[in-house]
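This report concerns only the one structure given below.
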Amino acid sequence: MAGQTPDGITGDLRLLAVVVRPASVPRVVPTDPDDDEVLAAALAGAADLIASGDRRDLLPLVSNEGIPIVTAREAWQRIASKA
């Protein structure tokens, strides 16, 4: 992470990204329906993890359907350790 620019980090993440359209969006987070979209997309895309800064709704879930929900820093550390 040291020495990388925000554009470089964004470029690296784009290489890992997959665009998906969930077939359905079940209600999981009662306080924020937009978060349900994130969870459904992660499930539809068979995501390895969900990176979030949402300390109120998403991070407290810890995981959804076996997909870990972590901070952006932890996500970057996991990705960097696999490189």
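Of everything in region 60-76, what is over 10 Å from the mean Cα position of the chain (by Cα), without any contact (Cβ under 8 Å) to a residue 24 or more places away in the chain and not in a loop (DSSP other than H, G, I, E, B)? Give them in sequence order. Before the answer, list the steps.
Going residue by residue through region 60-76, those that are over 10 Å from the mean Cα position of the chain (by Cα) are 60-66, 73-74, 76.
Then keep just the ones that are without any contact (Cβ under 8 Å) to a residue 24 or more places away in the chain; that gives 60, 62-63, 66, 73-74.
Residues satisfying the conditions are P60, S63, R73, E74.
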First in region 11-27 and β-branched (V, I, T), second anywhere and modelled with pLDDT of 95 or more and not in a loop (DSSP other than H, G, I, E, B), Cβ under 8 Å, 6 or more apart: V20/A41; V20/A44; V25/D36; V25/E37; V25/A40
Region 6-59: number of residues that are at pLDDT below 90, under 19 Å from S81 (Cα atoms) and in a loop (DSSP other than H, G, I, E, B): 1
Cross-chain or 6+ apart pairs with Cβ under 6 Å, region 29-41 first and free of Cβ contacts under 8 Å to residues at least 40 places away in the same chain, then of a type outside the set (A, V, I, L, M) and buried (at least 17 other Cβ atoms within 10 Å of the Cβ): V29/D35; V29/D36; V29/D57; T31/D57; D32/D57; D35/D57; L39/N64
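The values are calculated or read from the model by the stated rules, or taken from the named source; none is laboratory data. Everything numeric in this text was worked out from a predicted model, so none of it was measured. Heads up, the Cβs are rebuilt from the backbone with ideal geometry, glycines too, and the neighbour counts pull from every protein chain shown.
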